[in-house]
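Worksheet: the structure to be examined is printed underneath.
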Amino acid sequence: MTAAPPPSPGESAPGAAPSAGSASAPALEASGIVKAFPGVLANDHVDFELRTGEIHALLGENGAGKSTLMNILAGLYRPDEGEIRLDGRSVAFRSPRDAIEAGLGMVHQHFTLVPSQTVTENILLGLAQPRFLLDARRSEAEVARLAAEFGLRVHPRAKVWQLSVGEQQRVEILKLLYRGARILILDEPTAVLAPQETEELFRTLKAMTSAGRSVVFISHKLNEVVAIADRITVMRRGRVTAEGQPAAGVTKRDLARLMVGRDLFGLYEKTPFAPGAVLLAATDVEAESDRGLPALRGVSLEVRAGEVVGIAAVAGNGQTELAEVVTGLRRCNGSIRIGGEVVSNKPPRDAIRAGVAHVPEDRTGVGSAPNLSVSDNLIMKRFKEPPVSRGWLIDDGRTRTLAEELKEDYAIAAPSVDTRVRLLSGGNLQRLILAREIETAPSLMVAVQPTRGLDVGAIETVHRLLLERRDKGAGILLISEDLDEILALADRIDVMYEGRIVGSFDAATADVHEIGLLMTGGGADEDAAAAADEGPEGVDLGPVAGPDPEPVPGPDPGPDPGPEPS
């Protein structure tokens, strides 16, 4: 199938379903879907129905089969068995292009945008028309009108590298709407959004469904699912455990039980805050990003024994560089002391000797050696110490015994301790990293995005382990883009924006909306806002026909970290 010229912005693709008034008519049906991979039955006779004008949430643990099902619906995979119907017509997609031409598209968690191109250029990329000559002003005006219709505030002429993560997501949605998509699949759409950005996204989704479009909403955030969804389907181990259940009256506890088969909430209570001595003291720290741009601008903070300090920030605001300077992975100016010992600009081994444990954002590239075994990864920080070390040699017997004990204690699901780490799921890999780091009895833990991409069961395990370590007197620097996670775990919250600490809060009395406002630059001075209006290097982006454009924000989103392990 070849791509047709896009319909007028806001117009549905040919064969579009009627408006939301006929919400009982299925826009999309999947019946008896079966998909198997070597050794894994990912989808076992799965049924799924999406009605016109509804938001249908799809839940499940990692490995439950929901991503496989959505990839089949979006044309990335072909089912081994089963049937897909759009508006009652049987369809068979050979590629994502076929699905998009039929009016169905997917926004993946990791975006597929070209940073050096403008918003409009990214939206037009891959279309059959225009073939040779591009009327830039006309295309920009069309994008602006479509963005205004659905509340997707973004400047059509802005370069993608200038945009915040939330705005890049809007561009991905606009790409599908411009192509006439009437069914949108959103994979973890709020994973890296601030509260205000999440609220804006929800308003956009409501506007789309009011206009007769349908949305599949995949998320691990149960409170958001309850708030936004009309109906909910839950999958577990490749099968549907609850199909099309109305969201009204459903609780988070109900959903968690359907996902993992047991109760999760309330198993570990957070004890009162009892801080001790200062373990981490960072003073006037400055550092550059990988691009040579300022990433940290005079950051000062403290972490005490027995407390969790949460760093709340949208991606690209210096929080990753902060973790790296504390753990010795990045050079900096300023002072970093751990337990009174200066560790700034010293190698990671000095931080380890000072009692620092690191749970990095990149589990495969930084946190583990994927081609080594579970056993080898578990002893990485202890191979020079007894009982693992015996002089110049490693005691294989004792190493295996230790690895098997940790595998059992931390519920690492692997066939054996000889299994290559690259074969583990994201949740099990994170359990392995936590086991290795916690068993060294650190005084300070630096945990970066510790639950990103994990299912609700794995999230509960990670949270419990971090709080247990805090209750044993460790200090924890928790860096997360999930504000709910920070509010649940932290005792104090520091907000970062453009490499600076712009606000500090007691977690018990923190105002979520105030934090969210600071995370998105709401606390920045008017001069900074005016500078942002000018776009890159002070160049005015100029007016665009149609609605008033949004100013281009400041933070550099940085490079795409790549897909998380599943």
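Since every read-out is calculated from the coordinates, none of them should be taken as a lab result. Bear in mind the structure is a predicted one, so any value in this text is a computation, not a measurement. Quick reminder, even Gly has a Cβ in these numbers, built from the backbone with ideal geometry, and neighbours come from all protein chains shown.
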Item to complete: Would you please classify the overall shape of the chain from the alpha carbon gyration tensor, given that a ≥ b ≥ c denote the square roots of the eigenvalues, rounded means a/c under 1.5, and beyond that prolate means a/b larger than b/c while oblate covers the rest?
Response: oblate
Worksheet entry | Computed magnitude of the charge dipole of the chain (debye, nearest 20; Cβ of K, R +1, Cβ of D, E -1) | 1480 debye
Worksheet, complete the sentence: Using alpha carbon centers only, region 204-220 is separated from region 336-400 by a whole-angstrom value of 46 Å
Practice prompt. Of the DSSP beta bridges with both residues in the chain, give the percent that are antiparallel, rounding to the nearest 5.
Written response: 55 percent
Fill in: Nearest 10 degrees, 0 to 90: helix 426-438 Cα axis against the chain principal axis
20 degrees
Worksheet item: Helix 396-409 versus the longest principal axis of the chain: what angle, 0 to 90°, nearest 10, using Cα atoms?
Response: 50 degrees
Worksheet entry | Potential lengthening between VAL34 and ASP395 on full extension [0.36 nm per residue; Cα-Cα distance subtracted] | 125.3 nm
Worksheet item: Counting Lys +1, Arg +1, Asp -1, Glu -1, what net charge surrounds GLU341 among other residues with beta carbon under 14 Å of its beta carbon?
Response: +3
Worksheet, complete the sentence: So, over other residues within a Cβ distance under 11 Å of ALA357, counting Lys, Arg +1 and Asp, Glu -1, the net charge is +1
Discussion item. Given the options ILE173, GLY105, LEU222, identify the residue whose Cα lies farthest towards the positive end of the charge dipole of region 20-260 (+1 on Cβ of Lys, Arg; -1 on Cβ of Asp, Glu).
Written reply: ILE173
Worksheet item: Taking only Cα atoms, what is the 0 to 90° angle, nearest 10, from helix 456-471's long axis to the longest principal axis of the chain?
Response: 30 degrees
Discussion item. Please list 3J(HN,Hα) in residue order for region 110-124, calculated via the Karplus relation 6.51 cos²θ - 1.76 cosθ + 1.60 where θ = phi - 60°; whole Hz, with x for glycine and proline.
Written reply: 9, 6, 10, 10, 9, x, 7, 9, 7, 4, 5, 4, 5, 5, 7
Worksheet item: Once the dipole of region 256-353 is set up with Lys and Arg at +1 and Asp and Glu at -1 on Cβ about the Cα centre, which of LEU301, GLY340, ILE352 lies farthest towards its positive end?
Response: ILE352
Practice prompt. Beta carbons within 10 angstrom, averaged per residue: use that to sort the peptides 503-511, 181-189, highest first.
Written response: 181-189, 503-511
Discussion item. What is the sum of charges, Lys and Arg at +1 and Asp and Glu at -1, for the other residues whose Cβ falls under 12 Å from the Cβ of GLY298?
Written reply: -1
Worksheet entry | Point-to-point label distance, LEU372-ALA441, nm (Cα→Cβ direction, 7 Å offset) | 2.3 nm
Item to complete: Using only Cα atoms, locate the centre of region 446-482 and the centre of region 33-94, then give the distance between them in Å, rounded to an integer.
Response: 32 Å
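Tell me whether region 44-114 comes out rounded, prolate or oblate; compute the Cα gyration tensor, take square roots of the eigenvalues as a ≥ b ≥ c, and use a/c under 1.5 as the rounded threshold.
Numbers: a/c = 1.26, a/b = 1.04, b/c = 1.21.
Rounded.
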